[in-house]
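Here the structure comes first, spelled out in structure tokens, and everything after it is commentary.
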Amino acid sequence: MKRPTAARVALFTESVIREMTRLCHDHDAVNLAQGFPDFEAPAALLQAAAKALRDGWNQYAITWGSPRLRQAIAAKASRELGLAIDPERHVTVTCGATEAMMATLLAVVDPGDEVVLFEPFYENYGPDALLSGARVRYVRLDLTDPVVPFDPAELRAAFGPRTRAIIVNTPHNPTGKVFTREELELIAALCREHDVLAVTDEVYEHILYDGARHVSLAALDGMAERTVVVNSMSKTYSVTGWRVGWTLCANPAITDGIRRAHDFLTVGAAAPLQEAGAVALAFPRSYYDELGRAYQRKRDIMLGMLRDAGFRCVVPRGAYYVMADIGGLSADDDVTFTTAMIATVGVGAVPGSSFYHDPAAGRRLIRFAFPKKDETLAEVRRRLGRLAPARRA
Ligand code: GLN
């Protein structure tokens, strides 16, 4: 065929995260590239899913989500945000946060509109913006500073007459930055001033370290009606394969647009898993406290072994990734270093360049994911021990 595909899919390449996952399979490497747990989800949740299958929840759910799950999402969010979230008018269940983000941008962005994005960014946002026809304005996060700040003047300059939305991911993938209330107040002020929508990816909201606090833009003054919160079960309940996510927006007109995009993209998320999801969303506070404690331990183990292996690390305050500088180990670029590490050391990571629009900006960085069992992390420590001789060679 002369023209096998449309121009739109030529705008981006395949996901580097999933490419690295394949490479890990080929080389029998421990996959610290794609961020997913290698331990089991809570037993109560698995039982609820099995029960939902047996109880006959096997046909389409309502397109915008099972009433029970939307009710549970609204109850939890209302409590945490201090807002009255209405499951009928504010919540849309999607196939993961991935579809939630895509459906949201399709619903709100017109071709030529601008979207502001902090960089480095989770790789999906690039193609999401391109597929929706947006032009992206990047604002750089400074990884050389422990709080990973941005320059307020640069952010201000990114807002203009064509700005339609800003994507804010906190806790942040890949840096682990947790945006402070002051930073979010500045973003909120710019959104109000320029009549801009905030789309917030909060999937790591319960994975926080060193006493860091998660603040949602939706909870700030005047932001509830101009914020779409994207969230999912994947990270909070360790079920990344379920593909159950949602959007939450206290603006019924925006919710309506998201629902229409979602309806024709996927019809709906898996019905039995939505029923089970309602059980998870009602877990007590102690579940989230324990999740945070367990991940804090894993973060400390991960940081310790990366430093011992010779990496310089950005200390994450949230989420479950570590961005590491390879400068102390190698003069290679990130892609060469990572592919060699997978093949010879047997540990997978993601090249830093895949989180930047200009690959050169990430060429000394790689990202490790650590939602792994203790024995997996111990095996990684053993394998990383092989890095040093490679450096001397
Ligand atoms: N969010 C996860 C990561 O950053 C999974 C990415 C994916 O494959 N969708 O690794």
Requested in this report: List the residues whose amide H sits under 5 Å from the amide H of ARG137, counting only those 5 or more places along or on another chain, with H placed 1.01 Å from N in the peptide plane.
Outcome: VAL115, VAL116, LEU117
Report task. Report the percentage of all Cα-Cα pairs in segment 163-318 whose separation exceeds 22 Å, rounded to a whole percent. Result -> 50
Report task. Compute the FRET efficiency between GLU225 and VAL315 as 1/(1 + (r/R0)^6), taking r as their Cβ-Cβ distance and R0 = 30 Å, and round to the nearest 0.05. Result -> 0.25
Requested in this report: Give the ranking of THR144, THR104, THR266, THR376 by solvent-accessible surface, highest area first, calculated with a 1.4 Å probe.
Outcome: THR144, THR266, THR376, THR104
Report summary line: Reported to the nearest 10 Å², MET223 has, with a 1.4 Å probe, an accessible area equal to 0
Query raised in the report: Taking +1 at the Cβ of each Lys and Arg and -1 at the Cβ of each Asp and Glu, which of HIS90, ALA261, LEU186 sits farthest along the dipole of the chain towards its positive end, judged by Cα position relative to the Cα centre?
Result: ALA261
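Please sort by residue number the GluC sites (Glu not before Pro) in segment 1-63 whose DSSP state is loop and whose Cβ has at most 15 other Cβ atoms within 10 Å. Provide the component values of the computation, followed by the final result.
Details: sites: GLU14, GLU19, GLU40; in loops: GLU14, GLU40.
Sparse-neighbourhood loop GluC sites (Glu not before Pro): GLU14, GLU40.
Does segment 232-389 classify as rounded, prolate or oblate by the C-alpha gyration tensor (a ≥ b ≥ c root eigenvalues; a/c under 1.5 gives rounded; else a/b over b/c gives prolate, otherwise oblate)?
prolate
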Query raised in the report: What value does the chain have for Rg/Rh, both radii from Cα atoms and Rh as Kirkwood defines it?
Result: 0.96
Report summary line: Whole-Hz Karplus couplings 3J(HN,Hα) for segment 335-341, θ = phi - 60° and coefficients 6.51, -1.76, 1.60, Gly and Pro as x, run 6, 4, 4, 5, 5, 5, 5
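Given a 1.4 Å probe and heavy atoms of the protein chains only, how would you sort HIS90, HIS357, largest accessible area at the top?
Output order, biggest surface exposure first: HIS357, HIS90.
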Query raised in the report: For segment 269-293 and segment 180-254, what is the separation of their Cα centres, given in Å?
Result: 18
Report task. For n ≥ 4 DSSP H runs only, could you compute -39500 (n - 2.57) per run for the chain, divide by its residues and tell me the 222 nm figure to the nearest 500? Result -> -12500 deg cm²/dmol
Query raised in the report: Each residue of segment 271-287 in order: what ³J(HN,Hα) in whole Hz does its phi give by Karplus 6.51 cos²θ - 1.76 cosθ + 1.60, θ = phi - 60°, with x for Gly and Pro?
Result: 4, x, 6, 5, 4, 5, x, 4, 5, 5, 4, 9, 4, x, 3, 4, 4
Query raised in the report: Cα-based Rg (one decimal) and Dmax (whole number) for segment 313-393, in Å?
Result: 12.6, 37
Query raised in the report: Among ALA343, LEU130, HIS357, which residue has its Cα positioned farthest towards the positive end of the charge dipole of the chain, with +1 placed on the Cβ of Lys and Arg, -1 on the Cβ of Asp and Glu, and the dipole taken about the Cα centre?
Result: ALA343
**Report entry** If the convex hull is drawn through the Cα atoms of segment 185-231, its volume per residue in Å³
**Finding:** 69
Report summary line: Probe 1.4 Å, all chains present, heavy atoms only: CYS24 accessible area in Å², nearest 10, is 0
Requested in this report: For segment 163-281, give the share of DSSP beta bridges that are antiparallel, in percent and rounded to the nearest 5; count only bridges with both residues there.
Outcome: 30
Query raised in the report: Just the accessible area for MET302, please: 1.4 Å probe, Å², rounded to the nearest 10?
Result: 0
Report task. Please go through segment 193-293 and write out the trypsin sites (Lys or Arg not before Pro) that DSSP classes as loop and that have at most 11 other C-beta atoms within 10 Å. Result -> ARG213
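What number comes out for accessible area per residue over the chain if the probe is 1.4 Å? Units Å², please.
42
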Query raised in the report: With all pairs of different alpha carbon atoms counted, what Kirkwood hydrodynamic radius in Å does segment 1-101 show?
Result: 18.0
Requested in this report: Please report, to one decimal in angstroms, the Kirkwood hydrodynamic radius of segment 252-343 built from all distinct Cα-Cα pairs.
Outcome: 17.6
Query raised in the report: Can you give the % of DSSP beta bridges in the chain that are antiparallel, to the nearest 5?
Result: 50
Report summary line: Here the longest stretch of the chain that holds no chymotrypsin sites (Phe, Trp or Tyr not before Pro) in a DSSP loop having at most 16 other beta carbon atoms within 10 Å is 61-393
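Only four residue types carry charge here, +1 at the Cβ of Lys and Arg and -1 at the Cβ of Asp and Glu. Report the dipole size of the chain about the Cα centre in Debye, rounded to the nearest 20.
720
Roughly to the nearest percent, how much of the accessible area of the chain is carbon and sulfur, given a 1.4 Å probe? Walk me through the numbers on the way to the answer.
Numbers: 8830 of 16650 Å².
Looking at the chain in its full context, I get 53 percent from C and S.
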Report task. List, in order, the whole-Hz ³J(HN,Hα) value for each residue of segment 85-94 obtained from phi through the Karplus relation with A = 6.51, B = -1.76, C = 1.60 and θ = phi - 60°; use x for Gly and Pro. Result -> 7, 9, x, 7, 10, 10, 10, 10, 8, 10
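The values are calculated or read from the model by the stated rules, or taken from the named source; none is laboratory data. Remember, predicted model here, so these are calculated numbers, not experimental data. In this analysis, Cβ positions are derived from the backbone assuming ideal geometry, glycine residues included, and neighbour counts consider all displayed protein chains. Surface accessibility is based on the protein's heavy atoms, side chains included, excluding ligands, DNA and RNA. Shrake-Rupley method; radii C 1.70, N 1.55, O 1.52, S 1.80 Å.
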